[in-house]
Amino acid sequence: MSTTSDNQGAAILGYRIVRAKGEGTEYPDLRGKVIRQVRFVNDENYTALNLEFEDNTLASFRLNAKIALSLPPEIARLKDGNLVKWKELKGEPATLIIRERND
């Protein structure tokens, strides 16, 4: 089951609509892209959420605040509109690859 959203910032998960508690931002240029890898970088110089896509593009969300996860991330399956089989999502140190632009 996929997650969609309406124009008022609500995420539709199966049969349940969950409204965002604040303003959100959507990025139409990212619609339909297939994510290959998600990286969260958080050190003293750089805080960002990087999304790498199957078409060899990258979206980087650079953050101003120091962010820490309050609980370990989890992953679950959707079955009949319910989340089941929760387990901790394992992480590993990120590798930053910097390539020079050839403009």
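The values are calculated or read from the model by the stated rules, or taken from the named source; none is laboratory data. As the structure is a computational prediction, the values presented were derived from the model and not from experiment. Ideal geometry is used to build each Cβ from the backbone, glycine not excepted, and the neighbour counts take in all protein chains shown.
Please count how many residues of the range 73-85 are surrounded by 10 or more Cβ atoms within 10 Å (Cβ to Cβ) and in a strand (DSSP E or B).
As a first pass, look at the range 73-85 and keep what is surrounded by 10 or more Cβ atoms within 10 Å (Cβ to Cβ): 73-79, 81-83.
Pick out the ones that are also in a strand (DSSP E or B) and you get 74-79, 82-83.
Adding up the residues that qualify gives 8.
Does residue 33 count as surrounded by 11 or more Cβ atoms within 10 Å (Cβ to Cβ), part of a loop (DSSP other than H, G, I, E, B) and without any contact (Cβ under 8 Å) to a residue 40 or more places away in the chain? Before the answer, list the steps.
Numbers: surrounded by 11 or more Cβ atoms within 10 Å (Cβ to Cβ): yes; part of a loop (DSSP other than H, G, I, E, B): yes; without any contact (Cβ under 8 Å) to a residue 40 or more places away in the chain: yes.
In short, yes.
Just wondering, is there one or more residues in the range 88-98 that are surrounded by 10 or more Cβ atoms within 10 Å (Cβ to Cβ) and either at pLDDT 80 or above or of a type in the set (Val, Ile, Thr) (or both)?
Taking every residue of the range 88-98 in turn, at least one turns out to be surrounded by 10 or more Cβ atoms within 10 Å (Cβ to Cβ) and either at pLDDT 80 or above or of a type in the set (Val, Ile, Thr) (or both).
So the check is Cβ under 7 Å with 6+ separation or different chains; which pairs have a first residue in the range 67-93 that's farther than 26 Å from residue 48 by Cβ and a second one that's exposed (fewer than 10 other Cβ atoms within 10 Å of the Cβ)?
Between residues of the range 67-93 that are farther than 26 Å from residue 48 by Cβ and residues that are exposed (fewer than 10 other Cβ atoms within 10 Å of the Cβ), the close pairs are 77/84; 77/85; 81/15.
For the range 43-72, which residues satisfy the criterion of being at pLDDT 85 or above, hydrophobic (A, V, I, L, M, F, W, C) and not in a strand (DSSP E or B)?
Kept after step one, since they are at pLDDT 85 or above, are these residues of the range 43-72: 47-63.
Of the ones still in play, those that are also hydrophobic (A, V, I, L, M, F, W, C) are 48-49, 51, 53, 58-59, 61, 63.
The one that is at pLDDT 85 or above, hydrophobic (A, V, I, L, M, F, W, C) and not in a strand (DSSP E or B): 63.
Against the definition (assigned to a strand (DSSP E or B), closer than 29 Å to residue 81 by Cα, of a type in the set (Asp, Glu) and modelled with pLDDT of 70 or more), how does residue 26 come out, yes or no?
On the way: assigned to a strand (DSSP E or B): no; closer than 29 Å to residue 81 by Cα: yes; of a type in the set (Asp, Glu): yes; modelled with pLDDT of 70 or more: yes.
No.
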